[in-house]
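In what follows, a single structure is set out as structure tokens and then discussed.
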């Protein structure tokens, strides 16, 4: 089977599935012996195929290794085949003068979903106004991006990247919010 979603981005992070949960989906995505998931985005015509390769259970946050294919991808992944790994990190892209009106930060998730954060003068932060991450913020201070998730309970996890070449570490956040702190030279998933 295939599940039908709607949204204006690649991947699933900015679609009806992410914003409305199971109510934003028609059909069943799982099929086959390995539980591969297949989605069609009716707004863009994008075919999204996901497969969980591995799952690591840990004392803290668990880690899933998921591959995602986007038929309308930009072929800008590591080998140009439109498959991306969930463990890969992509750099935040800033356009314009940092912390100035009119500047934006673009966050590309591991599944290819793109969220654009626009600088908001009163809050002195970049704010997302779309999809699953609506009202999430990213602040740039002291050479570090700090992201705050306007998540309903239960909150998302905290992600910190301490140094180059080191794995990211996730810990549960306080109820109702989550924070991510990443040096500007690093990546955020």
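Read the figures in this text as sums done on the coordinates, not as results from a lab. Everything quoted here is computed from the prediction, not taken from an experiment. Heads up, the Cβs are rebuilt from the backbone with ideal geometry, glycines too, and the neighbour counts pull from every protein chain shown.
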Please report 129, 33 as a ranked list, fewest other C-beta atoms within 10 angstrom at the top and most at the bottom. 33, 129
Hey, with R₀ at 30 Å, roughly what FRET efficiency would residue 64 and residue 2 work out to, going by the Cβ-Cβ distance, to 0.05? 0.90
Kirkwood Rh (inverse of mean 1/r, distinct Cα pairs), region 1-154, angstrom: 16.8 Å
The exposure ranking of 94, 26, 138, fewest beta-carbon neighbours within 10 Å first, is 26, 94, 138
Can you classify region 3-85 as rounded, prolate or oblate using the Cα gyration tensor, where a ≥ b ≥ c are the square roots of its eigenvalues, rounded means a/c under 1.5, and otherwise it's prolate if a/b beats b/c and oblate if not? oblate
Footprinting proxy, 37, 103: sorted fewest to most Cβ within 10 Å, the residues are 103, 37
